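The values are calculated or read from the model by the stated rules, or taken from the named source; none is laboratory data. Values in this document were obtained by computation on a predicted structure and should not be read as measured data. Ideal geometry is used to build each Cβ from the backbone, glycine not excepted, and the neighbour counts take in all protein chains shown. Protein only, heavy atoms only, side chains kept; ligands, DNA and RNA dropped before computing areas. Shrake-Rupley method; radii C 1.70, N 1.55, O 1.52, S 1.80 Å.
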Amino acid sequence: MIPDDLRTAVRHVFGQPVVTAQRLHGGDLSDISFLTLEDGQSLVSKSGPLTAVESRMLLAIAQTGARSPQVLGSYGPHLFLEALPEAAPTPAGWRDLGQSLGQLHRTTGAHFGWQEDYAFGSIPIRNTPETNWHEFWGENRLRALSKGVPVDLRKRLDVLIQRLPELLPDPPKALLHGDLWVGNAVFTPRRAF
């Protein structure tokens, strides 16, 4: 059964009805479906609370020349992406993915962070821009996620945050994929995304 809000979103963005919807793997934090429209067009629908932010992130990735699925549109909590034919990962596919990530990471900016916060489910991801990586990582990643952590562990995190400059070098202010894991990589017969 195709939810009414998805039917409405498809009609709003594509001007035609959705004919079929098939759940896809993944979607731990979102509902992901393969859709076929009345004119035969196939696409992927991703539904969740932050799809508008994700759409802007995917567009930023694509602007670097790194491969990412084409954003076809969005409406409310629905993001529509091009449907990519999947294939098994190959050594050439992994190499292609690495080259694409290299292209992404060669894109640098004036600060660490992003203009919008994000979340992984109920876990907020603060992206407050910062020119100092150690402060960005310490405050936006370690300290921000330490709520609910036992006091003794939180104290150890505080010490770690203070020691970051001596433990880790300053990285470049590069654009990164914020949720890179194998479930967010798609291998096609010709490329990896």
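Starting from the 7 Å offset along Cα-to-Cβ, what nm value, one decimal, do you get for the label separation of residue 139 and residue 92?
Simple spin-label model gives 4.8 nm for this pair.
So how tilted is helix 4-14 from the main axis of the chain? Cα-based, degrees 0 to 90, rounded to 10.
Rounded to the nearest ten degrees, it is 80.
Amide H of residue 119 versus every other amide H placed in the peptide plane: which residues, excluding those fewer than 5 positions away on the same chain, fall under 5 Å?
125
For the chain, what value does the Rg/Rh ratio take when both radii are computed over Cα atoms and Rh is the Kirkwood radius, given to two decimals?
Working: Rg = 19.3 Å, Rh = 18.8 Å.
A ratio of 1.03.
Can you give the Kirkwood hydrodynamic radius for segment 82-193, in Å, rounded to one decimal and based on Cα pairs?
Values: mean 1/r = 0.0610 Å⁻¹.
Computed over segment 82-193, the radius equals 16.4 Å.
Along the charge dipole of segment 79-132, which of 113, 84, 131 sits closest to the positive end, that is, farthest toward it, with unit charges on the beta carbon of Lys, Arg, Asp and Glu (+1, +1, -1, -1)?
The listed residue farthest towards the positive side: 131.
Mind listing the phi-derived Karplus ³J(HN,Hα) values for segment 29-45, rounded to whole Hz, using 6.51, -1.76 and 1.60 with θ = phi - 60°, and x for any glycine or proline?
So the J values, rounded to whole Hz, are 10, 9, 9, 10, 9, 8, 10, 10, 8, 4, 7, x, 4, 10, 7, 10, 10.
How large is the accessible surface per residue of the chain, computed with a 1.4 Å probe and reported in Å² as a whole number? Could the numbers behind the result be given before it?
Details: 11680 Å² over 193 residues.
Accessible surface, normalised per residue, equals 61 Å².
Express the relative contact order of the chain as a whole percentage, based on alpha carbon pairs under 8 Å and six or more residues apart in sequence.
Values: 281 pairs, mean separation 34.9, N = 193.
So the answer I get is 18 percent.
Once you charge only the Cβ atoms, +1 for Lys and Arg and -1 for Asp and Glu, what is the size of the charge dipole of segment 1-93 about its Cα centre, to the nearest 20 debye? Mind showing how you got there, number by number?
Numbers: 6 positive and 9 negative charges, 33 e Å.
Dipole size: approximately 160 debye.
Quick one: which residues, 5 or more positions from residue 83 or on another chain, have an amide H under 5 Å from its amide H? H modelled 1.01 Å from N in the peptide plane, none for Pro or chain starts.
Amide H to amide H, under 5 Å and 5 or more residues apart or across chains, residue 83 pairs with 44.
Report ³J(HN,Hα) in whole Hz for each residue of segment 126-135, in order, from the Karplus equation J = 6.51 cos²θ - 1.76 cosθ + 1.60 where θ = phi - 60°; Gly and Pro get x.
Karplus values, whole Hz, x for Gly and Pro: 6, 10, 3, x, 8, 7, 9, 4, 4, 5.
Please give the Cα centre distance for segment 133-168 versus segment 84-128, rounded to the nearest Å.
Using only Cα atoms, the two centres lie 23 Å from each other.
Once phi is turned into θ = phi - 60°, what whole-Hz ³J(HN,Hα) does the Karplus curve with 6.51, -1.76 and 1.60 give for every residue of segment 186-192, x standing for Gly and Pro?
10, 9, 10, x, 10, 8, 10
What aspartates and glutamates could a cross-link reach from residue 147, if we take a straight Cα to Cα line under 18 Å and drop same-chain neighbours fewer than 8 places away?
117, 135, 139, 158
How big is the dipole moment of the chain about its Cα centre under a simple scheme where the beta carbon of each Lys and Arg is +1, that of each Asp and Glu is -1, and everything else is neutral? Debye, nearest 20, please. Intermediate results must be reported in sequence, preceding the final value.
Numbers: 19 positive and 20 negative charges, 75 e Å.
Around 360 debye, computed over the chain.
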